[in-house]
Structure formats: C-alpha cells, structure tokens
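Here's the structure, in structure tokens; my notes come after.
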Amino acid sequence: MDIWYLIMEIVLLLGVAFLFGVVAQRLKQSAIVGYLLAGAVLGPIMFNKDVVQEVAELGVALLLFSIGLEFSFGRLKRMGARAFFIGLLQILVTLSVFALIFMLLGSFPQALAMGAIIALSSTAIVLRMLVDRMEIDSVHGRNALAVLLTQDIAVVPLVLLVTILGTGGSMQQVAVHIVKTLAGAGGLAAVFFLLFYIVIPKLLMTRDLFSNRELVVLLAIAAAIGSAWAAHAIGLSPALGAFIAGMLLAESPFATQIRSDIGSLRILFVTLFFTSIGMLANPAWLMGNAIQALFWLSVVFALKTVIIFFICMGFRMGRLSSLATGITLAQIGEFSFVLATVAFRGGVLSQGRFDMIITVTILSM
C-alpha cells in the first residue's frame, strides 16, 4: 500500500473523529462515543478488513502501554486490600454469572470468554464522567475507581485466559502454552528492565540529555511501538508486551517526566484505539438484530448493577452508594474490545457472537 495513501486515511480518520467527538460533547456524551462512531462510519468505506484488524491491534497495544504508565507499586499499595477484594469479587462473580447464562446458548469456551468480556467496565469513560460531575471523591466515585483499577490489573490474565481458550487441545498442550507465554512475558520483562533501569538511564541521566524533552518523548514512542513488535515477534500478544513495557517505565527513574511529556501522545493513542475499534462494528448486524441488541444491553446493565450493588452492600456500604457504584460500572469497557478481538481471532467467538458483543459494548458506552 502507498504510504501517502495510508497517511491520508489516518488523517481523515482523525479529522472525522474530531468532528464526531465535538458532536458527542454537544450531546452531553463522552467524546469517546464520537470516536467509536467515526470508526464505524469510515471503517467499512475506507479500509479493508486486514487493515482494520492491524490498526485495531496497534491501537490496543498503544492504549495498554499508556495504561501501564499509570501503574506503580505505590499506587497499588495505596488502593488497600478492601478495595482490591471488592474489585476481584466483582470480576469473578460477573464472569461466572454471564458464563452460566451463555453456557445455555453455546460452548463452554465461548461462554467463559463472553463472561470475561462483560466483566470489565470502561475506565476511560467512567473516570471522565466522575471528573466532569465532580464526583471523583464521592463514596461511589472512590469505590468505582478501586474496582476499575482492579479490572485494569486483571486485563492481562484475562487476555491470557481467552488466548488459551482459543488454542484448544489437551490439558498438556494448554499447560505448555501457559508456560511458553509466561516464559516469553518474563523474558520481555527482563529485557525491558535492563533497558529502562540500566542502559537508558546511563545515557539519559546527564543534565544535557535528561533536560531534552524530545529524547524522552522519542523514548516513549520507541518503547510503545517496539514492545508491541517484540511481543508479536516471539508469538505473544502485542498488547501484553506494550503493557509490560509501560508498567516497567512507570517505575523507571524518568517515569514522572515521561508522564508529563506524552499527554498529547496518550490522546492520540486513545483516539486511534477507539476509532479502530469502531471499525469493527457491524451496522448491518445492528439493523437486522436491533431487538436482540437491546435485550442483551438491558440484561448486561441490570445484572452488572445488581451484582456490584450486593458486593458493595456485603462490605457494609450504604444502599445509595452501593447502587450508585453499580450504575456507574454497569457498562462494558474498552478492554472488552481487546478480549473480544482475541477470542474472535482464536475461533472462540463466532462472527455472530462477535458482532453482538461489539455492538452491545458500544451501545452500553
């Protein structure tokens, strides 16, 4: 493909995402909804299926890299054990409930994958909503953030779970796959640790170089794209490699400067991710299955709200705060797109199930 034609497509995609984002903001919706719709409108017109999948995979990796940058062991420690258990229970109970429901409609691997997909909520949308409504320090706001942080931590093992479901085979083959994946991830982590903590600090930790913001931004870009490529090259998920790199950079000596200098890049990563995911939407499926989509949207919203409500009540929180937390987290999240794509490529989800879950996720947002 001509590189200038590809650049033209990306520029046009970002421009339409801007216009749709403005319209969404005018309608009191998150700009992310506009990005999704921009991808859904332009994707089928401008991009072929292979390009859509490649752009989506890169967008996923870039988003996970930016999320990884927000992690730190100090932040996890401050979260507290209680908040962690609330989030963990929410994931396990939601996954189990929806897996049981979908077992009546399909195979066990498909049901488990659907449960994992629905268990996650949207960090990007909820965080922005809480900030806009000045509820970030409210009881339900703090509860929601704790659950979301736990969900973000759980993304990597859930991706691994869905990947294993797609491999099939005997228990021995599954065990071998797990060992290979863990070994590959451990090897990548070791290489990134050497680069980010030993080699690169020696190059940057001088006054002239460290004060050059361009070098720090270039380091972040190279780490984001390079880690995704390295993971793909050894047979791992590019998203997993990018997340590991971002998480290690979050604890590096120059993490603070990277976070402050790549704010605009993070916006680009998020926009590319949501527009690329919007390309996966199938408007024709929605037109022909509107009642089914609305039914599952109602089921997801109601059950997730009820599950989170009773979990919060079990930890002796007030009824109103528990209900507000449940409603806040009742949608399906951006990382669910990651799981759905992995499951579809691995043959766990059929085309119909994939179209359904992508549509319901977008509608829930």
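Here are a few things to note about the model shown:
- Tensor-based shape of region 271-315 (alpha-carbon gyration tensor, a/c under 1.5 rounded, otherwise prolate or oblate): oblate
- In terms of the mean number of neighbouring beta-carbon atoms within 10 Å, the peptides 313-322, 82-91 order highest first as 82-91, 313-322.
- Neighbours of Ala24 by Cβ distance under 15 Å: Lys/Arg scored +1, Asp/Glu scored -1, total +2.
- Estimated Rh, region 323-365: Kirkwood, alpha-carbon pairs, angstrom: 11.0
- From most to least packed by mean Cβ count within 10 Å, the peptides 291-300, 336-345 give 336-345, 291-300.
- Label separation (Ile291 vs Thr256): 6.0 nm, computed from points 7 Å beyond Cα along the C-beta direction.
- Ranked by the mean number of other Cβ atoms within 10 Å of their residues, highest first, the peptides 352-360, 218-226, 191-199 come out as 352-360, 218-226, 191-199.
- Gyration tensor verdict on region 231-365 (Cα atoms; rounded if a/c is under 1.5, prolate if a/b is larger than b/c, oblate otherwise): oblate
Read the figures in this text as sums done on the coordinates, not as results from a lab. In this text the structure is predicted, and so the values were computed from the model without any measurement. Note that each Cβ is placed from the backbone with ideal geometry, even for glycine, and that neighbours are counted across all protein chains shown.
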